[in-house]
Structure formats: C-alpha cells, structure tokens
Amino acid sequence: MRRTLSLALVALGLAACQRTDPSSRRATWQPASYGSPALTSFSETRFASAQVGWVIGGYAADLSRYNALLSTRDGGATWTRQNLSPLTLNGFRSIAPVNEQVVLALGVDPVAAAPGAPGNPAESRAVYKSTNGGASWQQLPGAGFLGSFHLHFFTENTGLSLKNQRIQRTTDGASSWSTVLDSNGTGDWNLLQFPSGSAGYAAGGGVSYGIVGGVAISRGALAKTSDQGATWEVLPWNKQFINSLSFVSASVGFAATFPDHHLYKTQDGGLTWALVNEHIPAVYNGTFLTEAEGYFTEGAAIYATSDGGLTWQQDYQATPNSQYPATINSLTFPTSAAGFAVTADGQVLKGTR
C-alpha cells in the first residue's frame, strides 16, 4: 500500500513538472489595449528588450495628418502614442532599435516628396534617429542612400538597409551609405536575420505571375555574412522563393518557401537544407524559438509547432474589428516568454508562454 502510494505521488510530481515546464508551453494570444482613437494598418512591431518596444504604421482613418507611433515600456501592458506628422509622410515604414534609447527608423521626407520637388517622390525615403526611445526624432543626411524597405542596426553607427536587389551598409550612423551586395537580377532581398552578433543571413528571391493568374515562376535567393554585412557570400539555393527565415543559432535555421509551402532546415549554416514538411499551413512571419517550437502566420491566423515543423496547430485566429482585414503583418518574440503581433486592421496581440 505504501509503495503504491509512493508511486502515485511520483507520477503526480512528474505530471506537475511537465505542466510547468516553460519549454513545453505554447503561447496564449490575446488582444492588447492601446487606447483611443482606434488605429488601422499596423505594419511592424520591434522590441529592444522584454519591456521596451514599438509599433509602426498606424493611422486613424477619420483624422487628417495623423500617423501614430506606439511605444511600450512595460512589456505591452500599456502603450503611449506619438503623431509623426508632419515629421514624415504617412508614418514610418521600418524601425530598427539599437537599444531602449537609440532607435533608427525609415520614413518619407515630406519636403522631398512634395508636389513639384525635384527627383522621384518614390525615392524620397529617409532615415530618422531617436536617442530618447522615440520621444523625438532627427532626420539623417543619408548620402548615397537608395531608399529602403527594411532597416537593421547593430550599433548607433553600423547598420544595413534592404531594398529590392541591393543591400546597403552604413558605418557612420546613416550619414552615408554604400552597396555591399547586389543580386544582379536573381531576385530581391526581403529578409534579414542575425542569430549572433556578426553572423547573419539575407533571403528572398522572386515570384512571377502568369497572364491568367497563378504563380508562373518562383525562385529563391540566400546569402550569408560573418562580419555584420560588410561582405557577403551567396549560398546555393535551388528551391522556391524564401518567404520566412528563422535561425535559432548561427548554424541551425528554418526556411519556408512560397507558393509550395515547404519547410526546410539547415544544420550547417545554410550550406545544405533538408525538407522537413512538404506543405505547412502558414509561411509568413516565421519565428522559431528553439529547434522544436516555432510560430508562423497565414492571413489572420497564427500557427504553432512543437516538433520542429513536422506538425502544426492553429493557435489563434484574429477577428476583424473594422472594415479592414485582420491580416497579421508582423510577429516577433523579444524573449521566449512573450511574443507580439500586429494586424492590418489595427490590433496589437500579445502571446504569453
């Protein structure tokens, strides 16, 4: 009797350990309140730490010249907002925190984009800098800057910019830029990730659509750097367009392709890739926290895996709260304990593990 009771207590103890092990829990997602007026068209969320982060792209449909920047300093519990007009036209397009105080962002210079201004308004993008966590901003000179769709900064002075087929680099705090990688027509660079301080990867490719609809051609591109983007090595990639890229270490990473929805894994720093799953349900905003646990989005849904991508479950479905779709445009995990996502209809979602 005593032995039976002891075994039962051991079993209960093991079950309790399994329930409380953080590595075995997936995120639970809920909308986070950020005050009024309600916003829409959130495009990206980035965090400098577990507590401090930003959301860009928001505007109020019924307010003229109102382009909001949301910021939190308590892990998403509360948010403050700043109107970026007339500093930049239509808000920021990308944001790149260096730390909790120093933040770089991409915007559109309203003077250069004004009607009648010389040059092409589409090339009037500029880099802005804040040294007080986003409370105030200064436009930087940007000599040689070709515009950008994505920024990444390692320090206050050194950073990278992605636009179409080119990657540019600055070492003087965005005062000047030079091109460090050109795909030479093989595709666009859309994704950038640095799993360690110096080692990083750029990915993308190109997708062509047929006359009657559907994808006619899909090709991917992949490159690697070991010196914070000063030099690049183009890696072999004979698969489709890389829609998501997520490395959990300098050598181990995952890539999801479009439109075939394949998931691949590398264990040798991108030199070779093995097919993990030939059709995953989601291929956007891919983020793996470990080799086992990962999160991807598709439309308004968040999908999760706990076995390295072999199987997937829908963790969350965002419900539209306006006439705009609830498409999830950005997903990030500043720490393994909490993640954040933002939607096209103006929702901020927080996932707690």
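The values are calculated or read from the model by the stated rules, or taken from the named source; none is laboratory data. Computed from a predicted model, the values in this text were never measured in an experiment. Glycine also receives a Cβ, built like all others from the backbone with ideal geometry; neighbour counts cover every protein chain displayed.
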* To do: Evaluate the range 203-216: report whether one residue or more is hydroxyl-bearing (Ser, Thr, Tyr) and in contact (Cβ under 8 Å) with a residue 12 or more places away in the chain.
  => no
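Residues that are farther than 24 Å from Pro259 by Cα: list the strands (runs of 3 or more DSSP E) wholly contained in the range 157-238 that include at least 3 such residues.
Numbers: elements: 159-163, 166-170, 178-182, 188-193, 200-209, 215-225, 233-235.
Hits in the range 157-238: 159-163, 166-170, 178-182.
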* Conditions (1) at pLDDT 85 or above; (2) assigned to a loop (DSSP other than H, G, I, E, B); (3) not aliphatic (A, V, I, L, M): number failed by Trp54 -> (2)
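Per-residue answers, yes or no, for (1) more than 20 Å from Arg353 (Cβ to Cβ); (2) crowded, with 20+ Cβ neighbours inside 10 Å; (3) of a type in the set (D, E, K, R); (4) touching a Leu at 6+ places or on another chain (Cβ under 6 Å):
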site: Gly220; (1), (2), (3), (4): yes, yes, no, no
site: Gly229; (1), (2), (3), (4): yes, yes, no, yes
site: Leu235; (1), (2), (3), (4): yes, no, no, yes
site: Asn243; (1), (2), (3), (4): yes, yes, no, no
site: Glu298; (1), (2), (3), (4): yes, no, yes, no
site: Ile302; (1), (2), (3), (4): no, yes, no, no
site: Thr305; (1), (2), (3), (4): no, yes, no, no
site: Gln317; (1), (2), (3), (4): no, no, no, no
site: Pro325; (1), (2), (3), (4): yes, no, no, no
* Look through the range 278-324, keep the residues that are within 11 Å of Thr343 (Cβ to Cβ) and part of a loop (DSSP other than H, G, I, E, B), and return whichever of them is modelled with the lowest pLDDT. => Ser322
* To do: Report whether or not Thr272 is closer than 30 Å to Ala61 by Cβ and among the β-branched types (Val, Ile, Thr).
  => no
* **Top-ranked residue in the range 107-142 [being at pLDDT below 75 and either touching a strand residue (DSSP E or B) at 6+ places or on another chain (Cβ under 9 Å) or aliphatic (A, V, I, L, M) (or both); ranked as surrounded by the fewest Cβ atoms within 10 Å (Cβ to Cβ)]** => Ala122
* To do: Name the single residue, out of those in the range 171-217 being within 18 Å of the chain's Cα centre (by Cα) and of a type in the set (Ser, Thr, Tyr), that is surrounded by the fewest Cβ atoms within 10 Å (Cβ to Cβ).
  => Ser196
* **Subset of the range 58-92 that is among the β-branched types (Val, Ile, Thr) and assigned to a loop (DSSP other than H, G, I, E, B) - its residue that is surrounded by the fewest Cβ atoms within 10 Å (Cβ to Cβ)** => Thr78
* In the range 93-101, is there at least one residue being crowded, with 20+ Cβ neighbours inside 10 Å, within 13 Å of Val127 (Cα to Cα) and either of a type in the set (A, V, I, L, M, F, W, C) or free of Cβ contacts under 8 Å to residues at least 12 places away in the same chain (or both)? -> yes
* Structure fact -> When every residue in the range 156-170 that is touching a residue at least 40 places away in the same chain (Cβ under 8 Å) and charged (D, E, K, R) is compared, the one surrounded by the fewest Cβ atoms within 10 Å (Cβ to Cβ) is Glu156
